[in-house]
Amino acid sequence: MSRVRTRFAIGLFALAAVGLTALAAPVLGLLGTESIVMFPAAEPHPRVAAVFLSGDMGFHFGMGEKVAAAVAAKGVPVVGVASPVVFATHRTRAEADAVVAGAVRLALTRTGASRVVLMGQSYGADILATTAPDLPPDLRARVLAIDLTVPAHDVYFRADPVGLAYLGKPDAHPLLAMRGVDWAPVVCVYGLEEKGSLCPSLAGRARVIGLSGDHYLGHDAPRLIATTLRALHEVAPEAGLQP
């Protein structure tokens, strides 16, 4: 089932159950109020850090928090960008670019690492796929790998956990730009049953991995963690993310 159809069905149920509160959740801060969530690692002087853009439900729901914590447990500190906070209102393309570039710089300065792994899940993967190709050269040189989990073809610059905002005209289509990324390896994980995924279109340019299930991958966090760590270790062993 496509993300739009799935989210629309969820949206109808949510609106019937809790009215318009869910639609306004990002603006009201119901999905968190902190734009940056740190997942520290035990390693005091890490060589590598990660930037993780969450889905539109933030780090309090879904598998994003578990994946970020698993990466930190491998000695790679994670700077988490809470998408429903940062994209609570509609952003411009320039603002979206600035969010990701700023997160990379923050990860480098706050952790002392010299290289970064860029990671995004669902809505966060959409934003990352859109903005990463246009990172400035000095930041591109710091990127070890780009990891996208269930990204979509259509991208919107406002996070909406209900999904109604995703029924309008998309703000971006990242396919062509992502296919042109040759300065860092790309991993793309998607559900074999989901429609509208960006991943199959990146075959030949990215390490594309299809897992059983739809956009939510069966909510199987251990499987997603194992898949992600294994793929990143294969494409960027220097990151130290051994499965």
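The values are calculated or read from the model by the stated rules, or taken from the named source; none is laboratory data. Since the structure is predicted, the reported quantities are computational estimates derived from the model, not experimental observations. Neighbour counts are summed over all protein chains in view; Cβ atoms, including those assigned to glycine, are modelled from backbone coordinates with ideal geometry.
A count restricted to the stretch 120-145 and to residues that are within 10 Å of the chain's Cα centre (by Cα) and closer than 18 Å to SER201 by Cβ stands at 7.
Can you say whether GLY180 is farther than 29 Å from GLU95 by Cα, at pLDDT 95 or above and either over 16 Å from the mean Cα position of the chain (by Cα) or of a type outside the set (A, V, I, L, M) (or both), as far as the supplied structure shows? Even if it seems obvious, please write down each step before you answer.
On the way: farther than 29 Å from GLU95 by Cα: no; at pLDDT 95 or above: yes; either over 16 Å from the mean Cα position of the chain (by Cα) or of a type outside the set (A, V, I, L, M) (or both): yes.
Spelling it out, it is not the case that GLY180 is farther than 29 Å from GLU95 by Cα, at pLDDT 95 or above and either over 16 Å from the mean Cα position of the chain (by Cα) or of a type outside the set (A, V, I, L, M) (or both).
Of all residues in the stretch 103-123, those satisfying the criterion of being in a helix (DSSP H, G or I), in contact with a strand residue (DSSP E or B) (Cβ under 9 Å, 6 or more places away or on another chain) and either among the hydroxyl-bearing types (Ser, Thr, Tyr) or surrounded by fewer than 22 Cβ atoms within 10 Å (Cβ to Cβ) (or both) are LEU106, LEU108, ARG110, THR111, TYR123.
Restricting to helices (runs of 4 or more DSSP H) lying wholly in the stretch 1-73: which have 1 or more residues that are touching a Pro at 6+ places or on another chain (Cβ under 7 Å) and either modelled with pLDDT of 55 or more or more than 22 Å from GLU194 (Cβ to Cβ) (or both)?
Working: elements: 3-18, 25-28, 64-73.
By residue number, 25-28, 64-73.
The number of residues in the stretch 127-162 that are buried (at least 22 other Cβ atoms within 10 Å of the Cβ) and either in contact with a His (Cβ under 8 Å, 6 or more places away or on another chain) or more than 23 Å from LEU241 (Cα to Cα) (or both) comes to 11. Of the candidates LEU135, LEU167, the single residue that is in contact with a helix residue (DSSP H, G or I) (Cβ under 9 Å, 6 or more places away or on another chain), among the aliphatic types (A, V, I, L, M) and at pLDDT below 95 is LEU167.
Residues being within 28 Å of GLY204 (Cβ to Cβ) and within 16 Å of the chain's Cα centre (by Cα) are represented in the stretch 103-112 by at least one member.
Please verify whether the stretch 200-212 includes one or more residues that are out of contact with any Gly (no Cβ under 9 Å at 6 or more places or on another chain) and under 26 Å from PRO84 (Cα atoms). So far as the stretch 200-212 goes, no, none of its residues is out of contact with any Gly (no Cβ under 9 Å at 6 or more places or on another chain) and under 26 Å from PRO84 (Cα atoms).
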